[in-house]
Structure formats: structure tokens, C-alpha cells
1. Residues with amide H under 5 Å of PHE66's amide H, sequence separation 5 or more or different chain, H placed in the peptide plane at 1.01 Å from N; which?
2. Can you give the helix-only mean residue ellipticity at 222 nm for the chain, where every DSSP H stretch with n ≥ 4 adds -39500 (n - 2.57) and the sum goes over all residues, rounded to the nearest 500 deg cm²/dmol?
3. Please list, by residue number, every one of the trypsin sites (Lys or Arg not before Pro) in the range 41-139 that is coil in DSSP and has at most 15 other beta-carbon atoms within 10 Å.
4. Cβ under 12 Å from VAL180's Cβ, VAL180 left aside: what net charge do those residues give with Lys, Arg +1 and Asp, Glu -1?
5. Convert 4 °C to kelvin, take the viscosity as 1.567 mPa s, use the Kirkwood radius over C-alpha pairs of the range 155-204 as Rh, and evaluate the Stokes-Einstein diffusion coefficient in µm²/s, rounded to a whole number.
6. Please list the non-local residues whose amide H lies under 5 Å from the amide H of VAL191, H modeled 1.01 Å from N, same-chain partners needing a gap of 5 or more.
7. Quick one: Karplus J couplings for the range 220-231, per residue in order, coefficients 6.51, -1.76, 1.60, θ = phi - 60°, nearest Hz, x for Gly and Pro?
8. Taking only C-alpha pairs under 8 Å that are 6+ residues apart, what is the relative contact order of the chain in percent?
Amino acid sequence: LAFSGQPCTRVIGLACYACGAVSRRHGRPVVNTLHTARARIRLNMRLDAVVVGSRYMREHVMAHGFGAVHVVPMFTPVPAAISNPVSRSKDRCVFVGRLDRGKGLDVLLNALPFVGRPATLTVIGTGPQEPQFRAQCHALGLDGRVEFRGWMPPSELGTVYRDAACVVIPSRSTETFGLVGIEAHSHGAPVVAHAVGGITEWLRHEETGLAVPACQPRALAAAITRILAEPGLAERLGRNGLEAHRTRFTPEAHVSALCKVFEEVLK
């Protein structure tokens, strides 16, 4: 929402004109209309079925009038077996994502001073708001504790996940799924995340990670502190997350569920 900054879950309608009706394209103001969005909806309603990645997405799509909407969870590849035991950094947190307001890095930076240990943060990703986040780090006195490493190819992310004491997903927007979470799980990394959108469909609080309310830096800091201060908890969450990935979020599980949708449609 343009004024409150909160995620919008409303059905497309006239209220949209009061919220972000004017945007900029190629440096010029553009008035957005509902015609294009409604035309796309009408076109897609002619399909026999729609497949989405989470129940959160399903509810939102069905609110717009769609009938047959199937949930097939997202997936990530199964990492190659590691011969050596994983040795995680003691107090290193990791953020992976686009550097914009929706991903909530500013919330994580505001939380870092309240973490009850001298935690450091590795930021993987690029985006339009990187200069603001760097300035925020300086204003908070975090220059020596936050490392911006830029974009990283997926083939190299495994090393980062296996080194992390915890992976933090502080999304402000209602993630349709939250792929970074199951990427972290596939490497056995403990996860702390905001309980928004589809995130709660793979993150089970106190079982595969810690879920906290969105946009509350002190609550986020408290959860991170628990992970860093309780090795037994961190190990259990990482182990359970790894098992959840192996049983629910592999390419094989995804394809199997997708084939069932195809079979139902063909019937």
C-alpha cells in the first residue's frame, strides 16, 4: 500500500486508483489503469487450471474469481554430498535477496544492534536501495559488522549457507513462497523469518525455524539471539529443515505433484 507501506491483499478494483495510480516509467509519470490487469484475468480464466506455489497464493488468486487452482510447492536442487562435516561460523548471519524495501533488509539492520551477541551479517544480492542500506549501516555504527558481497551465482551460494550460523529472511512484503528459506534448509542452515505470505507453509515455528512478526526489529533480534546462543536449538532446527527439504521440496516431489495436476486436467 502506497501510504502505509503494508502489503496489499485486496482484490483488484477501484480502490487501486487511490493507491499508486501514478508510477514512473523511463523517468516519466504514467497513470495506471485497471484495463490491462482485468484483461489478463479474463484471459487466464479460460485456462483449465492454474498452478501456484503456496496456499497463500491460492487464496489470493481464488479471491479474484478463479476456480481450479492447484498448489504445487516450489523446490530447489538437492546439494551434492559434502565429504567433510559442516563447520558453521559462530555468530555469522546471512541475508540473501534483492536489495529493496520489500525484502526488509532495513528491518534486519535495525535489529542487529539488539542481538545479544556480537553478530556479523553477510549480505548477498544487489538492488536499487543498496546505497540507502549502506548509509543505514554507517548511521547505526555497523560498518565493521556488515559485509555487502553483491550478487553471487547459485553454484557458490551453498558455501555461504553452510557457513551461516543462521539465515535471516526479514521480508516486509508477503512472499508468495520464500525460496531462500528452502535453499537454506537444503544445506541444513537454521532459519529466522518473518511470518508473512507463503513463508509459514515451509517454516514451522520451533520445528524447522523461528517465525517472528514482520517489521519488529527487537522481536527479530531476540530470535536471532536464541539461534546464536543455543547451539542445540540451532542444530535441531537445521536438521529438521534439511529433512523437510528432502521429503517435500526436491525437484522429484515437485514434478510428481505437477504430474498429478496434469492427469486431473486431462481427465
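1. none
2. Working: 9 runs with 101 residues, N = 267.
-11500 deg cm²/dmol, from helical runs alone.
3. On the way: sites: ARG42, ARG46, ARG55, ARG58, ARG88, LYS90, ARG92, ARG98, ARG101, LYS103, ARG134; in loops: ARG46, ARG88, LYS90, ARG98.
For trypsin sites (Lys or Arg not before Pro) across the range 41-139 that sit outside H, G, I, E and B with at most 15 neighbouring Cβ atoms in 10 Å, the list reads ARG46, LYS90, ARG98.
4. Details: positive: ARG98, LYS103; negative: GLU175, GLU183.
Charge balance near VAL180 sits at 0.
5. Values: Rh = 10.9 Å.
Estimated via Stokes-Einstein, D reaches 118 µm²/s.
6. VAL167, LEU210
7. Result, rounded to whole Hz: 5, 4, 5, 5, 4, 4, 4, 4, 6, 8, 10, x.
8. Details: 444 pairs, mean separation 51.5, N = 267.
Computed value for the chain: 19 percent relative contact order.
Quick note: the coordinates plus some simple rules give every number you see, no bench work behind them. Everything quoted here is computed from the prediction, not taken from an experiment. A quick note on method: Cβ atoms are made from the backbone with ideal geometry, for glycine too, and the neighbour counts reach across all protein chains shown.
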